[in-house]
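First comes the structure, then the notes that go with it.
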Amino acid sequence: MTHQNSTYKLGIVGVRGYVGKELLAIVEQHPHLEIAWVSSRQLAGKPLSELGLTDLLGTEQQQILIENLSPVQVAERKTDIIVLALPNGLAKLFVDAIEQHNNCQVIIDLSADYRFDSQWLYSVPEIHNIKQGQAELKKPLKISNPGCYATAMQLAIAPIKDLIKGHAHCFGVSGYSGAGTTPSPNNDPDNLHENIIGYKLVEHLHEREVSEKLDCAISFSPHVASFFRGINMTVQLRFKQPQKPHTLFNRFNDFYAMHELVRCQPEIPTIQQVVNTPYCVIGGLTVSKNGNRATIISCLDNLLKGAASQAIQNINLALGFDTSTGLTN
Ligand SMILES: NC(=O)C1=CN([C@@H]2O[C@H](COP(=O)(O)OP(=O)(O)OC[C@H]3O[C@@H](n4cnc5c(N)ncnc54)[C@H](OP(=O)(O)O)[C@@H]3O)[C@@H](O)[C@H]2O)C=CC1
Ligand SMILES: CC(=O)N[C@@H](CCC(=O)OP(=O)(O)O)C(=O)O
């Protein structure tokens, strides 16, 4: 039974990473969540203060030691919620152990490993419905958190997907934190200096993710640029029937009216508007004179609405809290 004054214990595997660290910062401010343990191989034995969140952590919390926990050690701890913030391909070892020990209510995986697995809930909370309090019904409730680009695309397309003819064409530009902390050409400062680089120009995993989850054909070309965080997603659409700008704009306003973390505006949104926030801003809707085509832009912070704050939205819903609990002041 969920109580509005309950506190749930949460553990993070992969706390050194960009997303793990954002999660820790949110949990520290959340009224119903508290950190039970955090795991990182490289930072094992170091105090939490090593992560540099000193404004958020009390003096005692700063001294909590980061551990290097094996899958079995993670599973043995009695923890209400376990968040896996690991690179793709590593979750299964942890998931198998957690399921065997049956000590936790919710597992949430940030990677792409379970996005197409019918045993897992996939949820952009404004589009796919996690029923409030669902964690009580199934133990553990397994949630696969959507990808960052995939979230930006789905939020920009969902309200008008039934009007679209052919593919929606999506041109995404991400900050280099999207490529994680493991060195690669896509997060190499020299490579990115004064630069923007396209990659996986067809068949990026998020192309399939959006086409399947939204049941709407899309094509997607990702790019990475020299800024650290944020995604700008420009979506070009053709319509089955000519459309008027105000009809389309009203669709967006109506679709997101009850969802405070998605904002619609006439102006073109920018990454500066969303960085360090849990919001997605959709705007700049421009329709051709004949009404046959339009372009729209969505912007979000890849580490927050694209990952950590969206995970918290899903955890909130699973536990029976309002989706934005702990994310807005
Ligand atoms: N960055 C982004 O914008 C987004 C990322 N995601 C997904 O979230 C997940 C985390 O991403 P991100 O934080 O960027 O990744 P990082 O590369 O920044 O961090 C990865 C984390 O996993 C740990 N780790 C790496 N290898 C292993 C291993 N073999 N065993 C145990 N722990 C390991 C690392 O810590 P240590 O080496 O100390 O153990 C680190 O804490 C990824 O699956 C990513 O695809 C999803 C949406 C957006
Ligand atoms: C700039 C950059 O490299 N971005 C990453 C997206 C990160 C993400 O959303 O990860 P998963 O969906 O794989 O969990 C990429 O294109 O793979």
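Readers should treat all values here as calculations from the given coordinates under stated rules, not as data from a laboratory. Since the model is a prediction, treat every value here as computed from it, not as a measurement. All Cβ positions, even for glycine, are placed from backbone atoms using ideal geometry, and neighbour counts span all protein chains on display.
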| Net length gained if the chain between M258 and E194 were fully extended (0.36 nm per residue, minus Cα distance) | 19.1 nm
| query | Of the listed peptides 97-103, 253-259, what is their order by residue-averaged count of other C-beta atoms within 10 Å, with the highest listed first? | reply | 97-103, 253-259
| said: With angles folded into 0 to 90 degrees, how steeply does helix 205-214 sit against the dominant principal axis of the chain? Use alpha carbons for both and round to 10. | reply: 70
| Length-normalised contact order of the chain in % [C-alpha pairs under 8 Å, at least 6 apart] | 18
| remark: Ordering 300-308, 112-120 by per-residue average of other C-beta atoms within 10 angstrom, highest first, gives 300-308, 112-120
| task | Place +1 on the Cβ of every Lys and Arg and -1 on the Cβ of every Asp and Glu in the chain, take the dipole about the Cα centre, and give the residue among A36, N316, Q119 whose Cα lies farthest towards its positive end. | result | Q119
